[in-house]
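Structure, as structure tokens:
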Amino acid sequence: MLAAVRAGLGVAALMPANLEPAMTCHHTAALPALPDVELGLARHPRSEGDPLSDAVEIALRRMI
């Protein structure tokens, strides 16, 4: 998806942290407003202390 956006072949709804300097919206009036979204993370009790699961959770919390 990002390759298509980089090449000017597509559009995407991205978090501000994921925008690259070359990615801009030239015609903001032509695009609909995006609705609010709810983000949830459900973890299995055994994933507590798992470095990868912890890193994903921390990254998601920082983006909100």
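Brief remarks follow.
- The chain: angle of helix 51-63 to the longest principal axis, Cα-based, in degrees nearest 10: 40 degrees
- With q set to 0.13, 0.22 Å⁻¹, the log10 of I(q)/I(0) for the chain, from the Debye formula over equal scatterers at the Cα positions, is -0.55, -1.02.
- Peptide packing for 10-23, 27-40 was compared via the average number of neighbouring C-beta atoms within 10 Å per residue; ordered from the highest value, the list is 10-23, 27-40.
- When only alpha carbons are used to place a centre, the range 1-32 and the range 43-64 end up 28 Å from one another.
Taken together, the values in this text are just the output of simple stated rules run on the coordinates, not laboratory data. Remember, it's a predicted structure, so these values are computed and weren't measured experimentally. Heads up, the Cβs are rebuilt from the backbone with ideal geometry, glycines too, and the neighbour counts pull from every protein chain shown.
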